[in-house]
Amino acid sequence: MNKITILWVDDEIDLLKSHILFLESKNYKVVTCKSGQEALEEVAKTRFDIVFLDENMPGISGLETLTELKDIDATLPVVMITKSEEEFIMDEAIGSKIADYLIKPVNPNQILLSLKKSLDNSRLVSEKTTANYQQEFRKIAMDLSMVNSYTEWADLYKKLITWELRLEEIEDSSMFEILESQKSEANNQFGKFIDKNYEDWFTDEDAPVLSHTVFRELIKPELKDQPTLLVVVDNLRYDQWLAFEDTVTPFYKKKKETSYFSILPTATQYARNAIFSGLTPLDMEKKYPKWWKNDTEDGGKNLFEAEFLGEQLKRLGLELTWEYHKITSLKQGKQLSQNYKTQKKNDLTVIVYNFVDMLSHSKTEMEVIKELASNDKAYRSLTQSWFKNSPLLEIIQQAQSMGQRLIITTDHGTINVKQPSKVVGDKDTSSNLRYKTGRSLSYEKKEVYEATKPSAIFLPTINMSSSFIFAKNDLFFAYPNNYNHYVSYYRNTYQHGGVSLEEMIIPFVVLDPR
């Protein structure tokens, strides 16, 4: 392996002989210069791994040399060394993207630590992360065998996502593959947990917050003391929230982060209508038949969210000035951003932002999106890129300047589907890939959560003999007709409607303006 080559620039370099000998004993190669001009000439003709640069030199100063070094090679790590502790020098150096900043006198071990931090950082982090996950793997495996409550499932899911984000940054792909298999096993166990417990959640006192109770239980308590912006980003998973959390934190500080559970089907028509109405789908159909449409009926399924919300606010006794906005295009987002100051009079502003939903559906249809979001890491990255450049971020910035509290949540998540599950139904069977409702459904029982009596989980039925089935883990439903074409077309796309940690465990975040 080639030695790491250091360029050390200091007008008193002769006084640093002991430091240089120490580094050479550690198998580093050190080239020395006594001025900024010499350093620029050396860097122009030789490839160095790192530069140690004295700030206070005659002729070209360290800061001036730093600027010109970055012009020659913007990726070259530079460690600034100075006698001065003046803040403006630190600000200038850090603003020029130095790798490290050391105050004289420096000892050899400080230099060695700086080298490791700058050059060996990724390897050391990779090794430490791998070792930590190997230890955690056993604990997660043990937790998986014992987890038996919805709170434990929410905690375990968050732990798996945290490790996924840490492992995707390191070089050891084998650890990431092990985590993927652990996530799959977790979803298998979660499916069994839903089999046993989901129906009871609608009648037990000890039930999680669900789609139809989230407004009453989690949102209402936040509306007492200051105007609030509620953002429901359709299809937003917990890992996607983490991907753009850092973009929000310069404007908002987190007051509370928790989870709630989406009802089944984990689909917009059911889950989001439940959020705004505060009712189960069965009760929506009974109480507001003119606003509810079943799967096979024509017409829009989410056209009355504002009306549902108005009715719920009355039932909860909340006398608020409020507005509801649904954003389904860039143009609509920009218009709301430009006019957002008109929301200043509101106690509650609600925005449903459909971009992530459009993205996940378009991934099925567009080859370009398929390539851009070929796995969860890429999908997170795409979500992050969208958010940083979206009108939604501009709206959030304006909300912060207006002193509004911010609540970010969603209605359901999505899962990357990989394995087909054969299903047979009549021509009136619903078309969703992760759930089906209809008569005379034929399917593999072990691959689904079945509701032969939909009213038991508070779902309406299209006719007396209709049932629901929900795909588990990363399965998607495929008909035997034209099976191979259908499977190749939908495999590795993002779908929702079924039973998985990703679809059912929902991020709910409350933030206060900075």
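The values are calculated or read from the model by the stated rules, or taken from the named source; none is laboratory data. Keep in mind the model is a prediction, meaning the values are calculated, not measured. Ideal geometry is used to build each Cβ from the backbone, glycine not excepted, and the neighbour counts take in all protein chains shown.
Taken over the stretch 1-40, the criterion of being closer than 16 Å to THR67 by Cβ and outside any strand (DSSP E or B) is satisfied by SER35, GLY36, GLN37, ALA39, LEU40. Only one of the numbered conditions (1) surrounded by fewer than 16 Cβ atoms within 10 Å (Cβ to Cβ); (2) out of contact with any strand residue (DSSP E or B) (no Cβ under 8 Å at 6 or more places or on another chain); (3) farther than 30 Å from PRO391 by Cβ is not met by LEU160, and that is (1). If you go through the stretch 1-43 and keep only what is loosely packed, with under 14 Cβ neighbours inside 10 Å, charged (D, E, K, R) and farther than 19 Å from LYS116 by Cα, you end up with GLU12, ASP14, LYS17, GLU41.
Here's a check for you: in the stretch 497-514, which residue that is assigned to a loop (DSSP other than H, G, I, E, B) and either modelled with pLDDT of 95 or more or within 16 Å of the chain's Cα centre (by Cα) (or both) is nearest to GLU450 (Cα to Cα)?
So, considering only residues that are assigned to a loop (DSSP other than H, G, I, E, B) and either modelled with pLDDT of 95 or more or within 16 Å of the chain's Cα centre (by Cα) (or both), the one nearest to GLU450 (Cα to Cα) is GLY498.
Being surrounded by fewer than 21 Cβ atoms within 10 Å (Cβ to Cβ) and either modelled with pLDDT under 95 or of a type outside the set (A, V, I, L, M, F, W, C) (or both): is that true of ASN197 here? Give the steps one after another, and end with the answer.
Details: surrounded by fewer than 21 Cβ atoms within 10 Å (Cβ to Cβ): yes; either modelled with pLDDT under 95 or of a type outside the set (A, V, I, L, M, F, W, C) (or both): yes.
In short, yes.
Where helices (runs of 4 or more DSSP H) fall wholly inside the stretch 232-311, no range has 1 or more residues that are assigned by TED's automatic domain parsing to the domain that holds LYS159 and surrounded by fewer than 22 Cβ atoms within 10 Å (Cβ to Cβ). Among the residues making up the stretch 167-191, those that are out of contact with any helix residue (DSSP H, G or I) (no Cβ under 8 Å at 6 or more places or on another chain) and touching a residue at least 40 places away in the same chain (Cβ under 8 Å) are SER184, ASN188, GLY191. Residues that are surrounded by fewer than 17 Cβ atoms within 10 Å (Cβ to Cβ) and either in contact with a strand residue (DSSP E or B) (Cβ under 7 Å, 6 or more places away or on another chain) or at pLDDT 90 or above (or both) within the stretch 47-63 comprise just one, ASN56.
Could you please let me know if ILE194 is closer than 25 Å to SER126 by Cα and of a type in the set (Val, Ile, Thr)? Judged against the criteria, ILE194 is not a match. Please determine whether any residue of the stretch 464-478 is closer than 30 Å to THR249 by Cα and β-branched (Val, Ile, Thr). No, the stretch 464-478 has no match at all. Pairs are defined by a Cβ separation below 7 Å, a sequence spacing of at least 6 or placement on different chains, a first member in the stretch 299-311 that is within 15 Å of ALA267 (Cα to Cα), and a second member that is of a type in the set (Ser, Thr, Tyr) and surrounded by fewer than 18 Cβ atoms within 10 Å (Cβ to Cβ); the pairs so defined are GLU305/TYR324. I'd like to check something: does the stretch 446-453 contain any residue that is touching a residue at least 60 places away in the same chain (Cβ under 8 Å), of a type in the set (Phe, Trp, Tyr) and in a helix (DSSP H, G or I)? Checked the stretch 446-453: no residue is touching a residue at least 60 places away in the same chain (Cβ under 8 Å), of a type in the set (Phe, Trp, Tyr) and in a helix (DSSP H, G or I). Can you tell me which residue in the stretch 173-230 is farthest from the chain's Cα centre (by Cα), limited to those that are in a helix (DSSP H, G or I), small (Gly, Ala, Ser) and under 21 Å from ALA154 (Cα atoms)? Per the stated criteria, the residue is GLY191.
If you go through the stretch 396-437, how many residues are more than 23 Å from THR268 (Cα to Cα) and among the aliphatic types (A, V, I, L, M)? The qualifying residues number 4.
Which one of these is at pLDDT 85 or above and either among the aliphatic types (A, V, I, L, M) or not in a helix (DSSP H, G or I) (or both): ILE161, ILE98, ILE94?
Just one listed residue meets the conditions, ILE161.
For the stretch 459-477, the set of residues classified as closer than 15 Å to ALA267 by Cβ and buried (at least 22 other Cβ atoms within 10 Å of the Cβ) consists of LEU459, PHE468, ILE469, PHE470, ALA471, PHE476, PHE477, listed by residue number. For the stretch 312-345, filtering for residues that are surrounded by 19 or more Cβ atoms within 10 Å (Cβ to Cβ) and closer than 29 Å to THR461 by Cβ leaves 1.
Scan the stretch 412-458 for residues that are of a type in the set (A, V, I, L, M), closer than 24 Å to ASP234 by Cα and out of contact with any strand residue (DSSP E or B) (no Cβ under 6 Å at 6 or more places or on another chain) and the total you get is 1.
Counting only strands (runs of 3 or more DSSP E) that fall entirely inside the stretch 400-444 and contain at least 3 residues that are closer than 30 Å to TYR340 by Cα, the qualifying elements are 405-409.
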